[in-house]
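A short worksheet on the structure shown next.
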Amino acid sequence: MKPGAIISGERVLSREDLFRRASQASSGFDSLGVGAGDAVAIMLRNDFPFFEATFAAGRLGAHAVPINWHYMGEETEHILRDSGAKALVVHADLLPQIEESLPEGLTVLVVATPSEVSEAYGIDPDVARVAEGRLDWDEWVDAFFEWVEAPRDSPGAMIYTSGTTDRPKGVRRKPAKPEQLAIGRKIGAELYGFGTNMRAVVTGPMYHIAPNTFAIVAAAMGDRIVLQPRFDPEELLALIERHEINSLNLVPTMFNRLLRLPEAVRNRYDLSSLTNVVHNAAPCAPDIKRAMIEWWGSVIIELYGGTESGPAAACNSEEWLAHPGCVGRALPGSTLRILDDEGKELPRGEVGEVFMHSEANAEFTYHGREEERREIERSGLISLGDMGYLDEDGFLFLCDRKRDMVISGDVNIYPAEIESALIGVEGVADCAVFGIPDEEFGESLIAIIEPEEGAHPTADLVRTALERKLARYKIPKRIEFSAELPREDSGKIFKRKLRDQFWTNEGRRI
């Protein structure tokens, strides 16, 4: 097998064929009027066309806009309209859930859902086919010659991330400068092992920033990349052994599931090829982290950052064991500071809001929301809303989140969006949604609802109503009712009083 192969099930795509098809797709997108600064939306599970469309958009100087494939019509429509996407590349089985909400005039290119993905998700083969009358992605790409003009500077993907009080907003970057690319390559080589010898499994969904960056760079320069259609712990171990994988990007929930495998299964596979196993996206329980280091060795690397900031801090296994509970210290070219509410820098050991800057990342704004971008910056540093402190050695410890974001597994969930949907449900007068401890996912959602006078909504009725509005993972795991929610003097719901019933000192991340 030639270097640069991408593998999915029994299918193999060479790097040469990937770049050729991406070049043809660039010509196709150009025919649709896609140019520098424009957007091409991608609503696909991890599949070859995800790479083809991403590279094709970048060659034209356009943004690839990955869309969470769990999204339903209204959620998807918002991103398509907000980004101004001129085309949507979508798996055939996902199209029915959004079809009625697609903006008029949008070019929709449909990808046949491959058999390995259909089998992993139990998708009916009939639904996986491209329906008659639809633009078939493969046929459409094959109809164009390769792009002959010089490639434009790529601005990278525009990932949509939710706010605490509004709909998702696109993190839009300028093309990176040479010096930023140089710092980024150095960090990527140290953290992920980016380079010609890299062999990786991509198991996280590429609509998230970390799996997206990991997969795209690996495809561009690595030796081999294997797509796992859906995370399965034992299958991942088998893929590591079979392909001599050395690099992974995982989340703590995956660690949990790996550690639950019987010891005999865990010992069945040779994992000695692993050198760089990066985890991020959510807090990792110290006991889980220690158990993974004991099992896989000192290859575990923790990374801290976000869609806006990029990687800002990291620590290897030895550093973490010496500073248990930390999320790392500033990476080369990065700055970490702890500020109080007035913007004054706090001394080591004192808790405040975490602000950061990375010289590896191009400048960004929130697409169409420059004011919101300015709100998170102080003196050239930005905040992701986390509270924490730096120890005497400069290692960062997170204590809480200033905003109400809930991280369940590897997924960021924003209660305000769910509360907005709940208010529209018949019989609901008011509500509060927040995270509570969950053994498997770290946190899960609970909704506490104050019914309208004389109304008697049930949990099942509320869930059914939400299923028509929200992706399934946003629907609260627990739904309870209260005759009267606690309120502040202003009338605002006093969430902390509700939350404190569920978070004990032992369960709180402090």
With a cut-off of at least 3 residues that are among the basic types (Lys, Arg) and closer than 19 Å to MET72 by Cβ, name the strands (runs of 3 or more DSSP E) lying wholly within segment 411-478. none
Near pairs, Cβ below 6 angstrom, 6+ apart or cross-chain, from segment 93-114 (farther than 16 Å from VAL127 by Cα and of a type in the set (D, E, K, R)) to any residue that is at pLDDT below 95 and in a helix (DSSP H, G or I): GLU100/GLY73
Within segment 291-313, restricting to residues that are part of a helix (DSSP H, G or I) and in contact (Cβ under 8 Å) with a residue 24 or more places away in the chain, the one that is surrounded by the most Cβ atoms within 10 Å (Cβ to Cβ) is MET292
Can you go through GLY73, GLY61, GLY84 and tell me which one is closer than 12 Å to ASP38 by Cα, in the same structural domain as LEU44 (by TED's automatic domain parsing), in contact (Cβ under 8 Å) with a residue 24 or more places away in the chain and out of contact with any strand residue (DSSP E or B) (no Cβ under 7 Å at 6 or more places or on another chain)? GLY61
Among what's in segment 314-327 and is at pLDDT below 95 and buried (at least 21 other Cβ atoms within 10 Å of the Cβ), pick the residue that is farthest from HIS357 (Cα to Cα). CYS326
Go through the residues of segment 162-180 one by one and say whether even a single one is under 23 Å from GLY442 (Cβ atoms), in contact (Cβ under 8 Å) with a residue 60 or more places away in the chain, in contact with a Lys or Arg (Cβ under 7 Å, 6 or more places away or on another chain) and surrounded by 16 or more Cβ atoms within 10 Å (Cβ to Cβ). yes
Being within 19 Å of ASN212 (Cα to Cα), of a type in the set (S, T, N, Q) and within 25 Å of the chain's Cα centre (by Cα) narrows it down to one residue among SER115, SER154; which is it? SER154
Is there any pair with a first residue in segment 451-464 that is not assigned by TED's automatic domain parsing to the domain that holds ILE423 and a second that is in a loop (DSSP other than H, G, I, E, B) whose Cβ atoms are under 9 Å apart and which are 6 or more apart or on different chains, and what are they? none
Unique residue being among the charged types (D, E, K, R), in the same structural domain as ASN246 (by TED's automatic domain parsing), at pLDDT 90 or above and under 21 Å from the mean Cα position of the chain (by Cα) when the list is GLU372, GLU350, GLU302: GLU302
Just need a number here: residues in segment 184-232 that are in a loop (DSSP other than H, G, I, E, B) and within 22 Å of GLU359 (Cα to Cα). 4
Using the structure shown, decide if ALA281 is outside any strand (DSSP E or B), surrounded by 15 or more Cβ atoms within 10 Å (Cβ to Cβ), out of contact with any Lys or Arg (no Cβ under 6 Å at 6 or more places or on another chain) and in the same structural domain as ARG329 (by TED's automatic domain parsing). yes
For segment 168-180, indicate whether the set of residues that are closer than 27 Å to ASN316 by Cα and not in a loop (DSSP other than H, G, I, E, B) is non-empty. yes
Residue ranges of helices (runs of 4 or more DSSP H) in segment 82-143 with at least 2 members of a type in the set (D, E, K, R): 115-121, 137-142
What's the number of the condition ALA22 fails, among (1) within 30 Å of HIS243 (Cβ to Cβ); (2) assigned by TED's automatic domain parsing to the domain that holds GLY133; (3) not in a helix (DSSP H, G or I)? (3)
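The values are calculated or read from the model by the stated rules, or taken from the named source; none is laboratory data. The shown structure was predicted, so the numbers you read here are calculated from the model rather than taken from an experiment. Neighbour counts run over all protein chains shown; Cβ positions are idealised from the backbone, glycine included.
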